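Here is the structure we will look at.
The values are calculated or read from the model by the stated rules, or taken from the named source; none is laboratory data. Everything numeric here is computed off the predicted structure, so don't read it as measured data. No Cβ is skipped: glycine too gets one built from the backbone with ideal geometry, and neighbour counts run over all protein chains shown. Each accessible area value is taken on the protein alone, full model and side chains, heavy atoms only, with ligands, DNA and RNA left out. Shrake-Rupley method; radii C 1.70, N 1.55, O 1.52, S 1.80 Å.
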Amino acid sequence: MASSNDMALNTPTTRGLSLPFSWPNIAFATLLIGISLWFLFWGLDYTHHNNVMIFVLATVFGVFMAFNIGGNDVANSFGTSVGAGTLTIKQALAIAAIFEVSGAVIAGGEVTDTIRSGIVDLGAVDIRPMQFVYIMMSALLAAALWLLFASKRGWPVSTTHSIIGGIVGASLTLGTVLSSSGSALALVQWNQIGTIAISWILSPVLGGLVSYALFYQIKHHILRYNERAKEQLQSLRGERRKLNEDHKTAFERLNELQKISYTNMMVRDAQIVLGEEDYTPDELESEYYRKLHEIRKKRDNIAAHRALQNWVPLIAAAGAAIISAMLLFKGLKHMHLGFTTLHNYLIMGMVAATVWMATFIFAKTLKGGSLDRSTFLMFSWMQVFTAAGFAFSHGANDIANAIGPFAAILDVLRTGSIGSEAAIPTLAMVTFGVALVAGLWFIGKDVIQTVGHNLTTMHPASGFAAELSAATVVMLASTFGLPVSSTHILIGAVLGIGLVNRQTNWGLMKPIAMAWVITLPAAGLLAALSFTILNGLF
């Protein structure tokens with residue numbers, strides 16, 4: 001983790017990561033190109049060498065989409081951790097590499113819906129399999145281009161809305177070609193588009209409300225308590241300095257015999273103070289050590305680390321329960337582990353209890369140290385935990401925005417028909433997972449800068465509150481079936497932090513909100529153009 005002294009040096013704009021010929025850049029580019037070529041070589045046999053050019057283009061579009069998901073969605077998820085100084089970009093990359101790819105490969109699902117029905121009812125028209133392929137290819141390319149555009153401007157947008165917009169735009173274009181514009185419009189489930197519009201408001205509002213409530217409590221019970229304790233400790237340090245100065249002045253006024261006698265008293269008192277824990281002030285001979293004892297007693301009564309020992313373990317336990325719930329109910333849902341709801345709740349309880357004990361012990365070991373450093377360390381570890389959970393769940397679920405359409409394409413190329421579900425090859429998951437991490441490395445810094453620095457100032461406590469609030473809202477929304485976007489929720493959570501601190505950059509929020517609104521039509525128009533070109537060429 002980054003130390004508090006390194007926070008100013010760990011921003012994405014100060015580390016020179018954009019150098020085109022740096023060794024990490026070359027390594028990531030080589031890894032991405034290498035695994036993509038390996039997948040292409042493997043995929044030719046998997047698709048029985050059917051429509052080789054289409055397969056190559058679809059792979060390029062799919063990897064490009066995963067790359068841009070990494071640059072926007074993954075960067076958005078890690079922005080608070082990097083902005084708070086908890087992680088450097090390299091550390092965030094390491095966590096993303098492990099947990100994003102693990103989530104994609106372990107819990108990403110063996111099959112996926114081919115998106116034949118849902119936001120667009122493609123079953124309502126008689127389309128050829130290759131036309132379906134062109135729709136998915138167009139959606140991937142359009143969503144990727146829009147995400148790249150948004151990422152370069154530092155706008156965190158929804159990848160889900162991007163791919164939906166691409167599918168809608170390409171499907172409407174096909175519907176117009178096959179019948180008429182009126183019939184094409186009938187393909188779209190407009191009520192679903194309405195829920196997406198609702199999410200533009202609902203997601204950030206829910207994220208902001210929960211984040212505001214959580215961080216307000218953290219600030220009131222922990223951070224402000226720490227500030228008052230630091231002020232009292234500073235006052236006691238002043239008392240001790242004055243005591244030392246007064247003692248020095250009084251000692252210099254004594255004659256030689258008095259100095260010897262007083263020095264002997266001081267030595268005996270020092271032996272009592274250093275050798276016994278349960279001594280009383282009456283046992284002390286010198287006025288200096290009696291007053292020093294009073295100052296130390298005042299310091300102990302302040303209990304500077306009380307908030308860290310009492311409140312932080314409870315918050316950490318609640319956070320562990322929520323993150324484990326997100327993994328059990330969302331991140332691992334494709335693994336079919338056979339756990340009942342009761343099993344899941346018991347696992348959540350065990351995780352929460354373990355985290356409470358570990359955090360409490362950690363807080364005890366920090367007692368007596370710097371209060372600022374102790375607070376930074378505790379919330380930093382907690383934030384790393386939430387970031388890792390987010391990364392795993394993100395890899396397990398949101399990579400479907402790239403792998404879902406691509407798996408549907410592979411299935412059509414392999415079988416020659418459109419099925420209701422499509423198998424997801426493990427190598428495809430690994431390839432797309434690597435593309436996610438590469439995207440975070442190459443183009444994620446602008447979105448990280450927006451989320452972690454430009455909207456409001458972050459530190460580990462506020463970053464943890466934002467991530468935990470976003471996870472809570474995502475879980476509750478999934479439970480109640482509310483139409484929300486995890487990206488919009490996290491941005492709302494960051495804004496909630498800014499409201500508590502009265503430090504929110506509303507000017508920057510205007511273009512971001514506009515980007516949310518135009519994501520669907522922008523991706524749709526790009527997909528319509530892409531479909532027209534693909535349908536005309538092939």
Next item on the list: Can you work out the accessible area per residue across region 463-538, with the rest of the protein chains kept in place, probe 1.4 Å, in square angstrom?
Entry: 40
Note to self: Between region 506-538 and region 429-462, what is the separation of their alpha carbon centroids in Å?
What the structure shows: 22
Next item on the list: Could I have the simple spin-label model distance between residue 178 and residue 48, label points 7 Å from Cα toward Cβ, reported in nm to one decimal?
Entry: 2.4
Note to self: Rg over Rh of region 234-331, using C-alpha atoms and the Kirkwood radius, what does it come to?
What the structure shows: 1.35
Checklist line | Residues residue 56 and residue 23, FRET efficiency given R0 of 41 Å [Cβ-Cβ distance, rounded to 0.05] | finding: 0.90
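With a 1.4 Å probe and all protein chains left in place, how much accessible area per residue does region 206-278 have, in Å²?
Working: 5110 Å² over 73 residues.
Dividing the accessible area of region 206-278 by its residue count gives 70 Å².
Rounded to two decimals, what is the ratio between the C-alpha radius of gyration of region 307-357 and 2.2 N^0.38 Å? List each step's numbers first, then the result.
Numbers: Rg = 12.2 Å, N = 51, 2.2 N^0.38 = 9.8 Å.
Compactness ratio reported: 1.25.
Summarise the accessible area of the chain (1.4 Å probe, protein heavy atoms) by the percent that is carbon and sulfur. Before the final figure, lay out the partial values.
On the way: 15110 of 24080 Å².
Exposed carbon and sulfur together represent 63 percent of the surface.
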Check: Cα centroid distance between region 46-99 and region 287-308, in Å?
Finding: 53
Checklist line | Spatial separation of Cα centroids for region 183-197 and region 130-144, in angstrom | finding: 18
Next item on the list: Compute the distance in nm between two label points, each set 7 Å from the Cα along the Cα-to-Cβ direction, one at residue 353 and one at residue 372.
Entry: 3.9
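Per-residue counts of other Cβ atoms within 10 Å, averaged by peptide: what ranking do you get for 413-424, 264-275, 444-455, highest first? Write down the numbers at each step before the final one.
Values: 413-424: 16.2, 264-275: 13.3, 444-455: 25.2.
By packing density, highest mean first, the sequence is 444-455, 413-424, 264-275.
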Margin query: Explain nothing, just the number: relative contact order of region 201-318, from Cα pairs under 8 Å at least 6 residues apart, as a whole percent.
Written below: 41
Notebook entry, point to check: In percent, how large is the relative contact order of region 281-379, given Cα pairs closer than 8 Å and 6 or more residues apart?
Noted result: 37
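From the convex hull of the Cα coordinates of region 149-251, what is the mean projected area in square nanometres?
Numbers: hull surface 46.7 nm².
The directionally averaged projection comes out at 11.7 nm².
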Item checked: Contour minus Cα-Cα distance for residue 427 and residue 197 (0.36 nm per residue) -> 79.2 nm
Notebook entry, point to check: Could you give the length gained on full extension between residue 529 and residue 106, defined as 0.36 nm per residue of separation minus the Cα-Cα distance, in nm?
Noted result: 148.7 nm
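Tell me the Kirkwood radius of region 278-367: reciprocal of the mean inverse pair distance over distinct alpha-carbon atoms, in Å. Display every interim value, and only then the final one.
Values: mean 1/r = 0.0607 Å⁻¹.
So the Kirkwood estimate lands at 16.5 Å.
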Item checked: Potential extension, residue 236-residue 220 segment - 0.36 nm per residue separation minus Cα distance -> 3.4 nm
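Which value, in Å², gives the accessible area per residue of region 35-99 when a 1.4 Å probe is used on the protein heavy atoms?
Details: 2190 Å² over 65 residues.
Ligands and nucleic acids excluded, the result is 34 Å² per residue.
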Check: Mind checking the log10 I(q)/I(0) for region 421-538 at q = 0.18, 0.19, 0.22 Å⁻¹? Debye, one equal scatterer per Cα, no solvent, two decimals.
Finding: -1.18, -1.22, -1.28
